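The values are calculated or read from the model by the stated rules, or taken from the named source; none is laboratory data. Since the structure is predicted, the reported quantities are computational estimates derived from the model, not experimental observations. Note that we place each Cβ from the backbone using ideal geometry, even for glycine, and neighbour counts take in every protein chain shown. SASA here: full protein model, heavy atoms, side chains in, ligands and nucleic acids out. Shrake-Rupley method; radii C 1.70, N 1.55, O 1.52, S 1.80 Å.
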Amino acid sequence: MELNANTIAKGVLLPGDPKRAQYIAVNYLKQTEEFRLDNGITGYSGIYDGRRISVAGSGMGIPSVMLAADALYDCDDVNAIIRIGTCGTAQSEVNIGDMLIALGCSTTSGINYRTFEGDLFCPVADFEMLQVATDKAVAMNIGFKVGNILSCDLFYDLTESEANNRWWDFGVLGVEMEGAGLYTTALKHQKKALMICTVSDSIINRQGMTPKQRETSLHDMIILGLNSIYEFCD
C-alpha cells in the first residue's frame with residue numbers, strides 16, 4: 001500500500017541501502033506499509049514495541065542523503081533521523097565490529113563550502129539523541145565509541161592514500177560517505193539527527209567482516225537504532 005508523507009513517523013531510521021531498509025521493515029516492524037516521497041525515496045512505516053517508526057534507504061553519498069533528509073524533514077511530523085550504516089577505519093584501537101556513534105562529522109566534500117562561501121562549517125549530532133543512544137547502548141551491554149567520523153565523496157580513493165593519514169592522526173575514528181550531509185541537513189531544518197556505524201573494514205590491515213560478524217554486528221546496530229529512535233516517536 002502506498003502512503004503519503006503525512007503517514008511517516010516522527011522518527012526515521014535511514015540506512016544507505018534500500019534493501020536494508022526493506023529488511024528492517026520485514027524483520028523488525030509489524031503492520032508495515034510502504035510510502036513514497038516525491039523525489040523517489042521509498043520507505044516503510046510500521047509498529048515497533050507499540051510505537052510507529054519509519055525506515056527508508058537514502059542511497060550512497062552526501063548528495064543522496066541530503067536529498068532524502070530534506071524530503072523527510074519537510075514532512076510535518078518528521079523530527080528525528082538516525083542513520084545506521086557501515087564504515088571503515090584506520091585506527092589501531094578500533095576493531096572490526098565496533099560500534100561508532102558520530103559526535104561530529106568531518107568531510108572532504110565541497111558541498112558545505114558552497115553553502116558557507118568557503119568558510120568551514122562543523123556539522124554535529126543532536127545532543128539529546130546522542131545521549132539517548134549512548135544510554136541505550138550501555139543498558140543493552142553494547143560496546144561503542146563516540147567521536148569524529150569522516151564523510152567522503154571518494155571513499156576508496158581517500159582511504160587508499162597515504163597522504164590522508166592526517167585524519168587518523170587527529171583522532172578520526174572511521175570513514176563513510178553520508179554523515180556530514182545528514183547532520184548539515186538536520187541543522188538547516190533545526191531538527192534532530194544522529195549517525196551510528198558498525199566498522200566493517202580495517203584499512204590498515206585490509207581485513208573485513210566475515211558473514212557471521214556482519215550478521216551479528218548489524219543486528220546490534222539495528223536494535224540500537226530502533227530503541228533510540230523509539231524515544232522520539234511518541
- [ ] Evaluate the following for N227: is it more than 23 Å from G61 (Cα to Cα) and outside any helix (DSSP H, G or I)?
- [x] no
TODO: Evaluate the stretch 179-194: report whether one residue or more is open to solvent by less than 60 Å² (accessible area, probe 1.4 Å), modelled with pLDDT of 90 or more and in contact with a Gly (Cβ under 6 Å, 6 or more places away or on another chain).
DONE: no
- [ ] Please work out if L218 is under 17 Å from T86 (Cβ atoms), in contact with a strand residue (DSSP E or B) (Cβ under 9 Å, 6 or more places away or on another chain) and not in a helix (DSSP H, G or I).
- [x] no
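Looking at the stretch 103-113, is at least one residue under 19 Å from the mean Cα position of the chain (by Cα) and open to solvent by 60 Å² or more (accessible area, probe 1.4 Å)? Lay out the reasoning, then the answer.
Narrowing the stretch 103-113 to residues under 19 Å from the mean Cα position of the chain (by Cα): 103-109, 111-112.
Then drop every residue that is not open to solvent by 60 Å² or more (accessible area, probe 1.4 Å), which leaves 103, 108.
There is at least one residue in the stretch 103-113 that is under 19 Å from the mean Cα position of the chain (by Cα) and open to solvent by 60 Å² or more (accessible area, probe 1.4 Å).
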Open item on the list: Can you find, within the stretch 35-51, the residue that is farthest from N227 (Cα to Cα) among those that are crowded, with 16+ Cβ neighbours inside 10 Å and in contact with a strand residue (DSSP E or B) (Cβ under 6 Å, 6 or more places away or on another chain)?
Closed with: I41
TODO: Scan (1) of a type outside the set (V, I, T); (2) part of a helix (DSSP H, G or I); (3) farther than 13 Å from I84 by Cβ; (4) open to solvent by 40 Å² or more (accessible area, probe 1.4 Å) for the single condition D234 breaks and write down its number.
DONE: (2)
Open item on the list: Checking the conditions here, which among G16, G11 is open to solvent by less than 40 Å² (accessible area, probe 1.4 Å), more than 17 Å from M177 (Cα to Cα) and touching a residue at least 40 places away in the same chain (Cβ under 8 Å)?
Closed with: G11
- [ ] Just need a number here: residues in the stretch 19-34 that are surrounded by fewer than 19 Cβ atoms within 10 Å (Cβ to Cβ) and of a type in the set (A, V, I, L, M).
- [x] 1
- [ ] Answer yes or no: is there a residue in the stretch 11-18 that is in a helix (DSSP H, G or I) and modelled with pLDDT under 95.
- [x] yes
